[in-house]
Every structure is written in C-alpha cells, then in structure tokens.
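Before anything else, here's the structure in question.
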Amino acid sequence: MADQVLGFIGLGQMGSRMAARLLDAGHSVVVYDRAAAVVAELVAKGATAASSSREVADRADLVFASLPTPAILRDVALGPDGVLAGQRARCFVDLSTTGPRIATEVAAGFAEAGRTTFDCPVSGGKTGAAAGTLALMVSGPSAEYEALLPILRVFGKPFFCGEKAGQAQVMKLCNNLLAATALAISSEAIVMGVKAGLDPALMCEVINASSGRNSATQDKFPRAVIPRTFDFGFTTALSLKDVRLCVDEAEAMGVPMVVGSAVRQMLAVTSATFGPDSDFTSLAKTVEQWAGVEIGKS
Ligand code: NAD
C-alpha cells in the first residue's frame, strides 16, 4: 500500500489543502481540477497533473474527490470521462458532502465493476484541512477500511459510521444542519442584543461561558462576523446545498424538520441577497438587514 499512487480530484478550499497534506506526507499524487490555476499550485508542490478525472483513475490506485455538488460528483465518478472509466483505480473515496442517495448510486456503479467506494465527508473547514485535524465520517466495506486508515489519518480523525454506503453522508448532513442552525439562531440573538446596545464581542464572551455557546458564537462570530470579514471559508451555496439535502432526506424518511426548513429558507434568502459565492456567515447580514442594525458597529 505504501507505494501506491494516489489521485485527487477537486482542488478547492478543502481539496487543495488535503492534497497538499498527502504530498507533504510523501505520497505520489495525481491531481485534476477543471480550474487550471489550482492544478498549477499543486504541481508546484510536487503533484502530477492529469487532464481529466478518467486520466487520474488511469494513473492512480486510489482516487479521492472533494467536489461542490451531488450532480458534479456523480459525473466525476460515473460519467464517460469519470473515475469508473479509468483503468487502474480500484477504490474511490468521496470526501465531499453529497448526501446518501449519490453515495448509494456511486457505490452500486463501482461494485458492479468489482471496485470499492467509501463515502467520507469531512468537517473542520479549510483550517482543519490545512492542519490535518478534520473529523472524517466514513462508511464502506470494513474489510478494506483498515488499509485506508493510514491515509485518512493524514487528513484528521476518522470515525467509522457503518458498512452501508451513505451512512457517513447522513451523519455529515446531521452535523451541518446543526452548524447552520447555530449560525442562524446566533445571528438572531446577537442582532437583538446589538439593537439593545450590547457589545457583540462581549455577548460572545458571555454566551461562550454560558449555556448558549455553540460553534457560531465560539468560532464564526469572533473570526468572521464581528470583524466583518465574512471570510470563514464556506460558501452560502454549499451550506444551502447541505441543509437542502438534509431536509429533503428527512422528509423522504418521514422525519419532520420544522427548524431545519426555516434555516434552509434563511440560507436561500442569503444566497439571493448576497450571492451563492458569498461566505455563509453572510447569513448574519440577512438578519441585520431585517432588523436595521449592524453587528460590530455601535
Ligand atoms: P470549492 O468550491 O472551493 O472547491 C470545489 C473544487 O471542485 C473547485 O476547485 C472546482 O473548480 C472543482 N470542480 C468543480 N467541478 C469539477 C469537475 N467537474 N471536475 C473537476 N473539478 C471540479 O468547495 P470546497 O469548499 O472545497 O468544498 C468541497 C466539498 O467539501 C463540498 O462538498 C463541501 O460541502 C465540502 N466541505 C466544505 C467545507 C468548507 O469549509 N469549505 C467543510 C467541510 C466539507
């Protein structure tokens, strides 16, 4: 396993940093992204460039992908110029958040060809991707999981969620529903406090020492909302995609999501107002506009 060639497709906020970690750990890595500039950055760090996902799978034994949407992942995995069409790769690991349906479809396609897949969505953002401190949620065949573990540990801490394809994706959707909800409800609370004359930094300090603390008050507000940089590193489009996948999946399972549906709408409004490429911490600006007050300004 040590001398196997690794492939990496999708070199965005997350993928570029994860692929760089594989290179730093001494692996041979073949990369592809449809944006040439990000490929060039990885080649400068020692990667080899391929001209398609299929070519990555022609040259690598094990292929990782970190891609923005379920439709793109399906095309990259199963499409005519995709990983399954490549000759060499025996195993495909999806590090994106794409939901359980695509994971099941991709696993079935690869199984038919006698190949293995793991769904392995991650949490921890671009900071965790760079530092190798991501939480990795993994589902797939346990017999092959052990061999994959040393490479996954380059990215962070793996949690095995089950053998059935898509189980790790459900785990990830549950987590991201909570993260987006924490951002939405914290925006409402902090905008209210600011309108009443409270200092938002003090509010976070008090909340983080109290029972209301959450990932938004501990991380997103101090880092990207109060300084008004809105550059946490996760787009509104991706967060909306995650919460939509979660609420749709819950509905299909007969699980009502009243709060989740409201959060989904708040992200949809944020996307319509500030654009899909805006950072998802812009959700706080949506609440600011409704309330006629700005966090960070007295
Ligand atoms: P991103 O948009 O920064 O990167 C996606 C990359 O995929 C881009 O470089 C793009 O050019 C490339 N791409 C798109 N279509 C392609 C194709 N057909 N072939 C090859 N490359 C293609 O996204 P990101 O923030 O890195 O997120 C990637 C995945 O990880 C998403 O599923 C996201 O939900 C998940 N995720 C992101 C974060 C985060 O904080 N950014 C955290 C956890 C999980």
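The values are calculated or read from the model by the stated rules, or taken from the named source; none is laboratory data. On a predicted model such as this, the values are computed, not experimentally measured, just so you know. Neighbour counts are summed over all protein chains in view; Cβ atoms, including those assigned to glycine, are modelled from backbone coordinates with ideal geometry. The area values use the complete protein model at the heavy-atom level, side chains included, leaving out ligands, DNA and RNA. Shrake-Rupley method; radii C 1.70, N 1.55, O 1.52, S 1.80 Å.
Restricting attention to segment 127-139, does a residue exist that is outside any strand (DSSP E or B), open to solvent by less than 40 Å² (accessible area, probe 1.4 Å) and at positive phi?
Yes: segment 127-139 contains one or more residues that are outside any strand (DSSP E or B), open to solvent by less than 40 Å² (accessible area, probe 1.4 Å) and at positive phi.
Also: List every residue pair whose Cβ atoms sit under 6 Å apart, with the two residues 6 or more apart in sequence or on different chains, where the first one lies in segment 56-73 and is open to solvent by 10 Å² or more (accessible area, probe 1.4 Å) and the second, anywhere, is at pLDDT below 95.
Asp61/Gln4
Another one. Out of Phe110, Phe118, which single residue is modelled with pLDDT of 95 or more and under 23 Å from Arg21 (Cα atoms)?
Just one listed residue meets the conditions, Phe118.
What about Ser123, is it within 16 Å of the ligand (Cβ to nearest atom) and either among the acidic types (Asp, Glu) or open to solvent by 20 Å² or more (accessible area, probe 1.4 Å) (or both)?
In short, yes.
Of the conditions (1) in a loop (DSSP other than H, G, I, E, B); (2) of a type in the set (Ser, Thr, Tyr); (3) not assigned by TED's automatic domain parsing to the domain that holds Cys246, Tyr145 clears all except one; give me its number.
With (1) in a loop (DSSP other than H, G, I, E, B); (2) of a type in the set (Ser, Thr, Tyr); (3) not assigned by TED's automatic domain parsing to the domain that holds Cys246 applied to Tyr145, the lone miss is (1).
Take Ala216 and tell me if it is within 16 Å of the ligand (Cβ to nearest atom) and at pLDDT 95 or above.
Against the criterion (within 16 Å of the ligand (Cβ to nearest atom) and at pLDDT 95 or above), Ala216 qualifies.
Name the one entry in Ala237, Ala268 that is closer than 21 Å to Glu294 by Cα, under 21 Å from the mean Cα position of the chain (by Cα) and in the same structural domain as Thr281 (by TED's automatic domain parsing).
Ala268
If you don't mind, another one. Of all residues being open to solvent by 60 Å² or more (accessible area, probe 1.4 Å) and free of Cβ contacts under 8 Å to residues at least 60 places away in the same chain in segment 227-247, which is farthest from the ligand (Cβ to nearest atom)? Just the residue, please.
Thr229
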